[in-house]
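Trainee: Please read through the structure below; I'll follow up with questions.
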Amino acid sequence: MKPYVGRFAPSPTGPLHAGSLVAAVASYLDARVHQGTWLIRIEDIDEGRSVPGAAEDILALLHRLGMDSDGEVVWQSRRKDLYEAARLRLADAVYGCGCNRREIADSRLGVGPDGAAIYPGTCRHGLAPGRASRSLRLRVPDTGNDLVTFIDRFAGRVTQCLALESGDFVLKRADGFWAYQLAVVVDDAEQGVTDVVRGADLLDSTPRQIYLQGLLGVPTPRYLHVPVVRNEHGEKLSKQTGALAVQPGDEAAAVAALRDAARFLGLDLDAELGPQAAKAGASLAAFWQAAVPAWARLLAAREAQAASPYGELA
């Protein structure tokens, strides 16, 4: 097997919140359990939504929490030539789309698992007379040839029919920015990422990324999608739903934030820290020393559960 390479890829649309911290902790621990490399990538390809200074604040916070990249930090906004090169390699499967959002909403085939409108293929055989291309889409296989299946290390077997559950998807948006689906595939391949650990809100994007990886001839990483943190209304915790920034004032507060994330992930740290550690306080070094074996135990338990003919993944 190739040496483990993982990554955490925050979007700098605001400060890091508790939901993003859970994903960061999970990806960091997974890299440490596998004696691997952990990278940080700033996913600022949507420059219209990026907040000036947010990326630097996120990097500074991760450093305060004891999480530093094992390599150079990569910024998507500086890699546009790589995305254009990938688009050229995909030329036979890419077409211009002249539809706007309202037209897509009015003619959509339904709503995909991730809540996005399923594109009906209006422009896949050419633009209508008088229409200009607004975006670039990737043509997916017709129904019957569009099945993508993979094994997620937490969710188990995942299957998606691209034509029915996604439709032809955007590679370059109408505003000129490259789409997340293309950028993340190119970046993971170029950085040699072997394992992707991220939130379950991105689980339904994975089949599209696997299909792109096949077209580009690049390796498919292993995937692990952890549960997402939700607010009291059941909404995914995000900047749009009022998520508060993680702002530890001192080491004790930093450890408390990390323990909250670990607790959400289902980690039991009492075996290493002892049940009184939360009251007495623990250092960052002690937290990470305890969290790594706790993550290893969690992985082992889930793998045993998945292998059991009577077990079901939570």
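The values are calculated or read from the model by the stated rules, or taken from the named source; none is laboratory data. As the structure is a prediction and not an experimental result, all values here were calculated from the model. Note that we place each Cβ from the backbone using ideal geometry, even for glycine, and neighbour counts take in every protein chain shown. Side chains included, ligands, DNA and RNA excluded: accessible areas come from the protein's heavy atoms. Shrake-Rupley method; radii C 1.70, N 1.55, O 1.52, S 1.80 Å.
Trainee: Working only within the stretch 158-176, note down all residues that are surrounded by fewer than 16 Cβ atoms within 10 Å (Cβ to Cβ) and either touching a helix residue (DSSP H, G or I) at 6+ places or on another chain (Cβ under 9 Å) or under 13 Å from C97 (Cβ atoms) (or both). Steps first, please.
Mentor: Within the stretch 158-176, the subset surrounded by fewer than 16 Cβ atoms within 10 Å (Cβ to Cβ) is 159, 164, 174-176.
Of everything in the stretch 158-176, those that are surrounded by fewer than 16 Cβ atoms within 10 Å (Cβ to Cβ) and either touching a helix residue (DSSP H, G or I) at 6+ places or on another chain (Cβ under 9 Å) or under 13 Å from C97 (Cβ atoms) (or both) turn out to be T159, A174.
Trainee: Here's something else I'd like to know. Hand me the list of helices (runs of 4 or more DSSP H) wholly inside the stretch 251-314 holding 3 or more residues that are at pLDDT below 70. Please lay out each step first, then the result.
Mentor: Values: elements: 251-265, 270-273, 277-280, 284-307.
Here the list reads 277-280.
Trainee: Follow-up question, since we're still on this one. Looking at A24, A31, which one is among the small types (G, A, S), closer than 25 Å to A179 by Cβ and open to solvent by less than 30 Å² (accessible area, probe 1.4 Å)?
Mentor: On the way: A31 fails: closer than 25 Å to A179 by Cβ.
Every option except A24 fails the conditions.
Trainee: Of all the residues that make up the stretch 113-145, how many are modelled with pLDDT of 95 or more, within 29 Å of V228 (Cβ to Cβ) and part of a loop (DSSP other than H, G, I, E, B)?
Mentor: 1
Trainee: If I ask for residues that are at pLDDT 95 or above and assigned to a loop (DSSP other than H, G, I, E, B), which ones from the stretch 180-228 would you list?
Mentor: Q191, G192, V193, T194, G217, V218, P219, T220, P221
Trainee: Scanning the stretch 34-83 for residues that are free of Cβ contacts under 8 Å to residues at least 12 places away in the same chain and part of a helix (DSSP H, G or I), which turns out surrounded by the fewest Cβ atoms within 10 Å (Cβ to Cβ)?
Mentor: D81
Trainee: What about R101, is it at pLDDT below 90, over 30 Å from L265 (Cα atoms) and surrounded by fewer than 16 Cβ atoms within 10 Å (Cβ to Cβ)? Spell out how you get there, then give the answer.
Mentor: Details: at pLDDT below 90: yes; over 30 Å from L265 (Cα atoms): yes; surrounded by fewer than 16 Cβ atoms within 10 Å (Cβ to Cβ): yes.
In short, yes.
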